[in-house]
Amino acid sequence: MATKTRFCSTATAFTTKACERRPQPNQSWLPAPLDPQFDVQFGSEDDVPLKQVNELGEGFNTRVNEVECVDGQRVVVKKIAHRSKDAINDRVYREVAVLKKLSHYHVVRIIGTYISDRRFGIILKPVASVSLEHYLENPQSLGPSDQAPLPHAVELPETLLPRIMGCLANGLRYIHESEVRHKDIKPSNIVLDGTRVLYTDFGIAHAFQGSSKTFGSYQKVTRRASISFRYAPPECAANEERTRSGDIFSLACVMTEIYAVSKGKPRNHCFPASVGLENEIIDVPYHQYIPEILTALERMVKKMRRDDVQVVSLLRRMFKREQANRPTADAVWKRLTTCTAHPSEDTIYYCGPCCMPLVRSDPLLNIHPDFELSDSLYTAPCRSTNAELYQKDPEFRFEHPVDAILPLEWKRNIRHDANSLLDTIRCASQDYLVARKQTVAVADANKTNDKVLATLRHEARILCKLEKHKRHRHIVKFVGTYSQASTYTLLVEPSAEYDMRTYLQLFEMVQGGGDSAFHEHATSDSTRKHIAQSFGCLVNAVEFLHALGLTHNDIRPENILMDKGRWYLSKFEHAANYQRGERGPIIESFEAGQPLTLYRPPEWDPDKPGRPPGDIFSLGCTFLDVHTVLMGKRLHDFGHYRAPLIQNSSFRDNLDKCASWLQLLEADAPSDRDFMRH
C-alpha cells in the first residue's frame, strides 16, 4: 500500500539560487526627499552628490561612469543628455520603468534616478568588471596588468565561459516571465561582475501584459548604432510582428560567439570568410548567414563530445526563421542545464551553479547572502556511509529524514520538466553511477501533481515487474526507490552516455565534416553496423515486453539510450498492461522542443492502453530516423520534408511523405550501405 503523499507548499517544484536570491533593499543613494517620479532634481550637474571614480563607457548622448555615493558605496551612473527636463526621451522613461519591475541575480538593479539641467541619471548596481563584448574580443588579455578599458578586470577560466550561456538563459527566462522583452540583446549589453553575468541596457525593452506582440523596425543610422542590427531577428528586418522569440534569436547570436571563443576561435569565426569579419565588427546581420553559421558550428564538434552536439542542436532551433519554431527561454535554460561533456573529457557545464535546478527543500538554497552565487557549490559534498540508501519498493515507502545528507555525488543533469528532474549520481558506498529521477509533490488546485506522482509510481511498478522476470539486456534495470520530505526518487541503471537522438545528431554532424579525427571512425563500416544493429536489439526488447503483456507506448529516440556500446529501452511511465487494460496517467508536455506525439501511432487514444502494433509503428518511425542518418541525410531535413515551416510534422499525419522519403533513401543508397534490408 502506498504511503501518504507529502506535498510541498509552494506552487513550483524546482527553483534556482539565482531566482531565490532577491537583492536586499539598498539604503537611499542620497539623504533627500524623493520625488514620486524621479528621486530628486538638481539645478546643475555639479550639484549631484556623486564622486566620479572611473569612466566606463560612452555612446550616443550617453555616458556611463563608476561613482561613489555619499555613504561610500560604489555604483554605476548612466547619464543621458537632454535639452530640457520636458524633452526627456520616452526611451529613458521606459528603461526606468522596466528596471524597477525586475529583480534578479542576473539583471542589473536600479537604485535611484535624478534629473539635472543637462542630464538624466540612472543609478545602477553592481559595478561590472567588463562587458561581455570586450571579454570575447580579448579573452586572454584581461589580467590586472593589462590596460583594460574597464576596471576590476577578470579572467574567466576556460571551463567557466560556457556556463555564461545557462545563466543568460535563466535571466532571460525571468525577464520574459516578468512580461518584459529586452529587444536589444547583444554582447555590449551584457556585463560581467567577477564570474557573475548580468543583462543591462533596457532602453528599448518592452513591457507587455497578455499579448507579447509588437511591430518594429530598425534603421542603420551609424556604424555604432548598427551593432544592434547585427543581432536582430529576421522578423525585425522584415518589419513583421515581433514576440519574445526575437530575444531567443538574439541570444542565439550571443551564444554562438561565446561558443566560438570557448573553442579557442575568434568571436566572428562562424561567419563566412568572404564577409570579412576577422578583425572588426561590421553591420552584417546574423540572419542573412544562418546556414553558413550552422555549418561552421557543426565543424567545431569534437570527437565524441556530447556537449558539443547538444549545444549546436539547441542553437539550430534558436536560429529558426519561423518564430513559432524557436524554443522558449525556459526550454533553452532547461536544455543548457543538461549539456555536459562526456565523463572522459574535462568537466564542462553550460550553466553556473547559481542557475542549476534545485528542489525547493534543498538546504543549499539557504546560502549566506554575502556569498557569491556564481562561485557556490551546486550540490552538497558527498559523504560516504554504510546506511541503507534505497529499497526495491515501487510504493516509495522507504523514507529518509528531512535533514539527512545522502551519500550521493551529483554528476550531470539529463532531463527536467516542471515537477521532475532526471540526473546522474554516484553512490559513494558502492561507487557506481545510476540515473536518479526526482519528482516533487506540489500542492496544486488542478490535481496535476497527483497525476505526476501516480505516473512515477506506475513506472516503478512496471520496472519492478520486469525485474521479477529474467532481466533483458536491452531494457534499463530497476535499482530502487526512496523518499525525503516531499521528494520521491526512482533509481535506474545504467546512467547512459547518450540518448539515441543525441548520438544520431553527433554522427550526422561529424559525418558532415566535423572533427576530422572522429570522422574516419564515425564513417567506418563497424560504426555504421553498430548503429544499424540497434534495430535488432530494440525489436528484441519490445518483443520481450509484449510477451509479458506490456506495451511501452512512448518509443522515440529520446527514450532509447546507448551506454558502453549497448542500446537500452527506457522511460516506462506511459507503459501499459494491455491484457488487463491497465495504464498509467498521461501527462502531455514537450521535451527538447519536440511534442511527445511525434512518434505516436494513428490509433493512439489517451484513454485506452496501447496495443502492440502501436509500439511497432513508433519503432518503425525511430528506425526511419536511424536509416536517414546512415544514408547520409539530416534529421532536420527529414522533418522539413514531412512538414515545412510550422506545420504538424508527426509521422502519423504524414505517412505518404514518410513512404516517399524512404523511397528517396533507397534510390540514393549504394548496396553496401543499405542496412534496412538486413
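Quick notes on this structure:
- Screening ARG306 with (1) touching a strand residue (DSSP E or B) at 6+ places or on another chain (Cβ under 7 Å); (2) of a type outside the set (Asp, Glu); (3) modelled with pLDDT of 90 or more gives one miss only, at (3).
- Test for SER650: is it surrounded by 15 or more Cβ atoms within 10 Å (Cβ to Cβ), modelled with pLDDT of 95 or more, farther than 22 Å from PRO291 by Cα and among the small types (Gly, Ala, Ser): no
- Selection count where residues are closer than 30 Å to ALA404 by Cα and crowded, with 20+ Cβ neighbours inside 10 Å, scope segment 468-478: 2
- Within segment 261-281, restricting attention to residues that are surrounded by 14 or more Cβ atoms within 10 Å (Cβ to Cβ) and among the hydrophobic types (A, V, I, L, M, F, W, C), the residue that is modelled with the lowest pLDDT is ILE281.
- Where TYR114 falls short, out of the listed (1) at pLDDT 85 or above; (2) part of a strand (DSSP E or B); (3) buried (at least 21 other Cβ atoms within 10 Å of the Cβ): (1)
- Boolean, LYS451 is surrounded by fewer than 20 Cβ atoms within 10 Å (Cβ to Cβ), part of a helix (DSSP H, G or I) and either modelled with pLDDT under 90 or at positive phi (or both): yes
- Restricting segment 340-399 to residues that are modelled with pLDDT under 65, assigned to a loop (DSSP other than H, G, I, E, B) and acidic (Asp, Glu), the residue that is surrounded by the most Cβ atoms within 10 Å (Cβ to Cβ): GLU345
- For LEU124: the one exception among (1) modelled with pLDDT of 85 or more; (2) more than 18 Å from LEU56 (Cα to Cα); (3) in a strand (DSSP E or B): (2)
To keep it simple, each residue is scored yes or no on (1) modelled with pLDDT of 90 or more; (2) touching a Lys or Arg at 6+ places or on another chain (Cβ under 6 Å).
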position: MET509; (1), (2): no, no
position: ALA517; (1), (2): no, yes
position: HIS521; (1), (2): no, no
position: LYS529; (1), (2): no, no
position: ASN540; (1), (2): yes, no
position: LEU545; (1), (2): yes, no
position: LEU548; (1), (2): yes, no
position: ASN559; (1), (2): yes, yes
position: LEU569; (1), (2): yes, no
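- Considering segment 84-111, and only residues there that are out of contact with any Pro (no Cβ under 8 Å at 6 or more places or on another chain), modelled with pLDDT of 85 or more and basic (Lys, Arg), the residue that is farthest from GLY171 (Cα to Cα) turns out to be LYS100.
- Taking segment 49-64 as the range and being touching a residue at least 12 places away in the same chain (Cβ under 8 Å) and either touching a helix residue (DSSP H, G or I) at 6+ places or on another chain (Cβ under 9 Å) or surrounded by fewer than 19 Cβ atoms within 10 Å (Cβ to Cβ) (or both) as the test, the residues that pass are PRO49, LYS51, GLN52, VAL53, ASN54, GLY57, GLY59, PHE60, ASN61, THR62, ARG63.
- Qualifying positions in segment 475-488 - modelled with pLDDT of 95 or more and of a type in the set (S, T, N, Q): THR481
- Selected residue (criterion: nearest to PHE535 (Cα to Cα)) from residues of segment 561-576 that are among the small types (Gly, Ala, Ser) and touching a residue at least 60 places away in the same chain (Cβ under 8 Å): SER570
The values are calculated or read from the model by the stated rules, or taken from the named source; none is laboratory data. All figures in this text were calculated on a predicted structure; none of them were measured in a lab. Virtual Cβ from ideal backbone geometry, glycine too; neighbours counted across all protein chains shown.
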